[in-house]
Amino acid sequence: MFLHEVEDATPAGPYAPQIAKIRSAGHPIPQIMHLFAYKPDRTTALSQFSQGVMRGPSPLSPGLRELIAAFTSKRNDCPF
């Protein structure tokens, strides 16, 4: 990540326990989680929106929505 202040900050909010668990397992932490944990009071709405889009009622299954997101990220040269 290019924003070391965000990545190195002490995680807060609902993402903090998840980040701690991933970190303790020695796995890389998804960059979006750093953003959500950096200032949770400002990212809660974005997190809820993302979950609604990806997991809420839809004619598309959550798996297909994830596949579309992964494909779009790949096309944009963005690691998913």
May I ask which residue of MET33, GLN51, ALA12 lies farthest towards the positive end of the charge dipole of the stretch 1-65, with charges of +1 (Lys, Arg) and -1 (Asp, Glu) on Cβ and the Cα centre as origin? GLN51
So what is the relative contact order of the stretch 4-75, in percent, for Cα pairs below 8 Å that sit 6 or more residues apart? 27 percent
Under the classification rounded if a/c is under 1.5, otherwise prolate if a/b is larger than b/c and oblate if not, where does the stretch 1-45 fall, given a ≥ b ≥ c as square roots of the Cα gyration tensor eigenvalues? oblate
Cα-centred dipole magnitude for the chain, charges only on beta-carbon of K, R (+1) and D, E (-1), debye, nearest 20: 260 debye
If I take all pairs of Cα atoms in the chain, what percentage of them are more than 14 Å from each other? 69 percent
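A short reminder: the numbers here are calculations on the coordinates, not readings from a lab. The model shown is predicted, which means the values in this text are computed figures rather than measured ones. All Cβ positions, glycine included, derive from the backbone under ideal geometry; neighbour counts span all protein chains shown.
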